[in-house]
Amino acid sequence: MDKLTRPDPAMRDVDRLAELFPAVVTEVADASGRLTRVVDFDLLRQRLGGDAGEDVRERYRLEWPGKRRAQRVAREPAVGALRPSREQSRDFDRTGNLLIEGDNLDVLKLLQESFLGRIKVVYIDPPYNTGNDFLYDDDFSQTRAGYLARSGQVDANRVPLVANPETGGRFHSDWLSMMYPRLLLARDLLTDDGVIFISIDDHEIDNLRKICAEIFGERNFVAQIIWQKVYAPKNSARWFSEDHDYILVFARNKDRWQPQPLARTEEMEARYRNPDGDPRGPWKPENMSARNRYDAGVYPITTPSGRVIDGPPRGSYWRISKQRFDELNADGRIWWGSGGDNAPAVKRFLSEVSAGRTPQTLWSYREVGHTQDAKRSLLRYVPFEHTANVLNSVKPVELLQRILQLAGRPGDGDVVLDFFGGSATTAHAVLTQNAADGGNRRFVSVQIPEPLPVAEHGLRSIFEIGLTRVRNVAAELEASGVSGDLGFRVLRLDSPNLTDARVPPGDLDQAALTAYADRVEPDRTGEDLLFQAILDAGLDPGLPISSDGGLFVVGADELVACFDETITPALVREIAARRPRRAVFRESAFADDATRINTDRIFAELSPSTDVKAVG
């Protein structure tokens with residue numbers, strides 16, 4: 001019986017290299033004498049030959065102080081646990097939606113195994129870099145003096161080496177160091193046909209596009225959308241009224257993802273009419289001439305009234321040959337005007353054109369909302385006491401709905417991730433868009449426990465703004481008769497469920513061994529341990545859960561767990577009889593080695609394929 005262990009994210013990269021170049025991965029003994037897999041970079045350079053890039057001083061890439069640390073921190077193992085809050089959730093046992101409170105870097109790491117390659121859509125609205133301090137510092141924060149030293153603008157004696165030091169660069173470095181590891185982790189979560197949309201303004205659009213090109217690949221750049229975020233210019237602006245933000249779009253694999261067509265607008269539909277009562281329905285006339293050279297497109301035409309048109313207008317050509325023209329005319333597809341004397345036009349029937357329209361890179365507030373719409377929507381669902389707590393950066397629900405419409409088909413069960421969740425606009429949009437098109441999308445929204453600007457009764461943080469909003473949106477949709485998944489599980493990032501058992505060899509004695517007999521923290525419940533088991537097994541934390549006493553069943557017997565202080569052979573037999581894929585117990589529940597051995601024997605007899613593990 002094995003203990004639960006969390007996979008090391010860096011080992012996945014080693015595994016990928018081993019698949020490509022088996023010879024470059026070897027084993028060495030670590031400080032404790034255990035064998036661990038490592039990459040032999042000398043062999044890798046030999047294998048790559050002249051393309052290894054060894055000691056290349058000049059290269060095209062974006063560099064900043066702290067980049068190496070940012071790359072490394074993304075591959076460090078996750079620390080902490082996601083603890084469920086059943087009382088704050090809605091339809092806890094059945095919902096697949098997740099609202100998670102915690103630093104998104106830690107949460108993304110904890111979700112790596114469960115959602116690796118399973119997220120279809122990522123939307124994030126990260127903090128825009130205005131030169132202020134970040135909540136997401138990840139130990140990247142630097143003093144001005146520290147930045148100048150690391151960026152080479154002062155010598156060893158702190159004497160400036162340039163006349164006008166670039167103090168503002170520190171803020172770019174901090175912001176990039178915050179974003180880089182999170183984007184690295186997000187890419188691993190995307191499906192092969194997945195896509196990420198990122199809201200950003202002018203301050204960091206250039207740098208963001210560069211780091212996205214590095215992480216996702218330049219060839220996977222899709223678009224840089226301009227969203228008109230205000231409906232009136234700001235006359236108080238000193239230079240220009242900033243009327244737009246950007247939405248940067250990168251695909252995981254551009255060859256595998258394409259945007260879904262948008263529905264035709266009423267204005268587009270209105271262009272089609274039927275003045276001649278054609279039984280094929282509404283149509284619109286299309287000019288038959290074009291400037292592109294077409295040698296078969298030069299011929300005279302006689303109108304029904306008898307007027308002869310010698311040829312196309314000067315400098316142009318008919319777009320179709322004489323033979324094709326005669327075929328269309330015989331089929332009633334040429335419009336000559338009500339008097340039969342006009343230049344010919346081809347009838348384009350509404351029933352024969354594509355049902356959708358190609359998305360454009362300019363999004364007007366008339367179609368996807370503006371910032372005032374966004375605030376009004378937030379105020380509708382969250383009863384604020386203080387207007388100072390209404391977020392200025394909140395996005396319109398319609399904007400997020402447009403992204404969902406483009407990103408995938410309604411009924412594919414796409415998982416939508418937003419790890420800068422804020423007031424939960426993305427979660428709101430998922431529920432609303434599912435209600436509009438009958439979709440079954442799921443949301444995973446992550447928000448750091450950021451306090452409100454002003455203390456407010458009933459709301460402790462921005463996360464709780466989002467929680468209140470989603471709860472009220474779900475209640476409204478349910479009252480209007482909407483079915484489907486309107487629930488959500490609330491999870492909170494906390495310290496690990498288990499005490500750290502790493503003790504220096506010289507400090508290890510019988511008393512220490514006894515103290516670590518049960519490593520489960522005293523305030524942790526069986527449900528806390530269940531979610532650790534779910535994540536450690538790489539299972540979806542949104543799977544259905546049923547419980548009977550101290551027995552938990554996840555999904556269709558994907559995992560069955562019991563974290564009682566003691567277990568009996570009868571209980572073990574009951575679990576084994578279900579033939580689950582995984583079974584998990586509390587380590588301290590095994591009174592002695594005989595109980596553990598007996599448990600293994602029961603599973604070997606009744607369910608030999610079950611993976612049996614212990615936690616604690």
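Results, tabulated for the structure shown:
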| read-out | value |
| --- | --- |
| Cβ-derived FRET efficiency at R0 56 Å, Gln360 paired with Glu605, nearest 0.05 | 0.30 |
| Theoretical gain in end-to-end length, Glu558 to Glu242 [0.36 nm per residue, Cα-Cα removed] | 108.6 nm |
| Where labels lie 7 Å past Cα in the beta-carbon direction, separation of Gln372 and Glu214 in nm | 4.1 nm |
| Per-pair calculated FRET efficiency, R0 = 60 Å: Tyr299 and Ser480 via Cβ, rounded to 0.05 | 0.50 |
| Sparse-neighbourhood loop sites, chymotrypsin sites (Phe, Trp or Tyr not before Pro) in segment 193-247 - DSSP loop, at most 16 other Cβ within 10 angstrom | Tyr231, Trp239, Phe240 |
| Neighbour-count order for Arg469, Arg238, Arg380, fewest beta carbons within 10 angstrom listed first | Arg238, Arg380, Arg469 |
| Distance from segment 530-558 to segment 375-400 (C-alpha centre basis), Å | 35 Å |
| Fewest-first sequence of Tyr299, Tyr381 by Cβ atoms within 10 Å of each Cβ | Tyr299, Tyr381 |
| Cβ-derived FRET efficiency at R0 56 Å, Arg45 paired with Arg273, nearest 0.05 | 0.20 |
| Packing-based exposure ordering (other Cβ within 10 Å, fewest first) of Met268, Met288 | Met268, Met288 |
| Descending Cα extents along the principal axes, segment 505-615, whole Å | 46, 31, 24 |
| Gained length - Asn392 relative to Ile226, 0.36 nm times residue gap less alpha-carbon distance | 57.9 nm |
| Cα centroid separation, segment 215-237 to segment 302-359 (Å) | 40 Å |
| Restraint check, Lys254/Lys395; Lys229/Lys254; Lys229/Lys375, Cα-Cα greater than 18 Å | Lys254/Lys395; Lys229/Lys254 |
| Where labels lie 7 Å past Cα in the beta-carbon direction, separation of Asp201 and Asp412 in nm | 3.3 nm |
| Difference of contour (0.36 nm per residue) and Cα-Cα distance, Phe384 to Gln260 | 40.9 nm |
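The numbers here are math on the coordinates, done by the rules we state, and not lab data. Computed from a predicted model, the values in this text were never measured in an experiment. Cβ: placed from backbone, ideal geometry, glycine included. Neighbour counts: every protein chain shown.
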